1. Those residues that are surrounded by 12 or more Cβ atoms within 10 Å (Cβ to Cβ), more than 16 Å from His9 (Cβ to Cβ) and among the charged types (D, E, K, R), I need them from region 134-180; list them, please.
2. Just checking, how many residues over region 118-173 are farther than 30 Å from Arg22 by Cα, modelled with pLDDT of 85 or more and assigned to a loop (DSSP other than H, G, I, E, B)?
3. State whether one or more residues within region 21-35 are farther than 30 Å from Gln172 by Cβ and without any contact (Cβ under 8 Å) to a residue 24 or more places away in the chain.
4. Of a type in the set (D, E, K, R) and exposed (fewer than 10 other Cβ atoms within 10 Å of the Cβ): which single residue out of Asp119, Asp127 fits that description?
5. Report yes if Lys44 is without any contact (Cβ under 8 Å) to a residue 24 or more places away in the chain and outside any helix (DSSP H, G or I), otherwise no.
6. Only one of these conditions is not met by Pro107: (1) touching a residue at least 40 places away in the same chain (Cβ under 8 Å); (2) farther than 21 Å from Phe148 by Cβ. Which number is it?
7. Quick check on region 37-48. Is at least one of its residues among the hydrophobic types (A, V, I, L, M, F, W, C) and within 30 Å of Arg175 (Cα to Cα)?
8. Condition test on Asn74, is it polar (S, T, N, Q) and under 26 Å from the mean Cα position of the chain (by Cα)?
Amino acid sequence: MDRIHPHVHCLVTAGGVDAAGRFVTPKKSILVPGRVLKAMFRGKLVDYLKRAVRSQRLDVPPHLTVARAVSLFNRLSRSDWNTRIQETYRHGCSVAGYLAKYVCGSPISGRRIERVDSDEIAFWYRDHRDGQQKLMRVTPHEFLKRWFEHVPPKGQRMIRRSGLYANCNAGQRKRVCEQLSAEDGRAASKQAASGVKRLDPQRCPRCNTYVVMQLVYRPLPRDFTSHQPPVVHARAP
């Protein structure tokens, strides 16, 4: 039982849609606090399992009765569950790559397998407790058993979408994308404008070289109150 590690990977938008249909981003980099999500996920899942067993919608192993299964679920609700929340991805390509790794990839990549023979299979894994790469050796039977734990039953969907990702919300999703694209454009323009420096009065606005003052011309003041015609000196040819 210690080797069974059921888990769910979720991609969640960094924000939500308000009553006016506009997308609102959170003030912090993480949308939901980890402790709150841990308690909610544990409580909701355990409650669903207990109701499913009592209503006989979930079959229990032959060596367990309904009462013992409910008691087991109660013990699980008192244990510490793990939730890992990563910070917001800044680029959509990273999100697509993260999702594709779990949807289209295999449970283990070929470069992690160190040795294969009729007696054992050795492969590398990362121990999340200390972050170190370690070598594990298992029998071929145990390896195949762990492999098929990642194969879903026939007819079960691997990906489920809800909220903005649901097909029924395609129109709202398009409006949110247009809103975020416009905001990104305004932010980029504002950032570019903030990087523009003021003109240096000591430099030429065309060639950006320093201006050397050589002559200051101040014309003599003229009297514009008199209406006398200007004197024109002409020379005969």
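The values are calculated or read from the model by the stated rules, or taken from the named source; none is laboratory data. Remember, it's a predicted structure, so these values are computed and weren't measured experimentally. No Cβ is skipped: glycine too gets one built from the backbone with ideal geometry, and neighbour counts run over all protein chains shown.
1. Result: Arg137, Glu142, Lys145, Arg146, Arg173, Arg175.
2. Residues flagged as farther than 30 Å from Arg22 by Cα, modelled with pLDDT of 85 or more and assigned to a loop (DSSP other than H, G, I, E, B) within region 118-173 amount to 4.
3. Step one: of region 21-35, the residues farther than 30 Å from Gln172 by Cβ are 35.
Narrowing the set further to residues that are without any contact (Cβ under 8 Å) to a residue 24 or more places away in the chain leaves 35.
Within region 21-35, one or more residues are farther than 30 Å from Gln172 by Cβ and without any contact (Cβ under 8 Å) to a residue 24 or more places away in the chain.
4. Working: Asp127 fails: exposed (fewer than 10 other Cβ atoms within 10 Å of the Cβ).
Matching residue, one of Asp119, Asp127: Asp119.
5. Details: without any contact (Cβ under 8 Å) to a residue 24 or more places away in the chain: yes; outside any helix (DSSP H, G or I): no.
So Lys44 fails the test.
6. So the condition that Pro107 fails would be (2).
7. Here is the first cut: in region 37-48, the ones among the hydrophobic types (A, V, I, L, M, F, W, C) are 37, 39-41, 45-46.
Of the ones still in play, those that are also within 30 Å of Arg175 (Cα to Cα) are 37.
Within region 37-48, one or more residues are among the hydrophobic types (A, V, I, L, M, F, W, C) and within 30 Å of Arg175 (Cα to Cα).
8. On the way: polar (S, T, N, Q): yes; under 26 Å from the mean Cα position of the chain (by Cα): no.
No, not satisfied.
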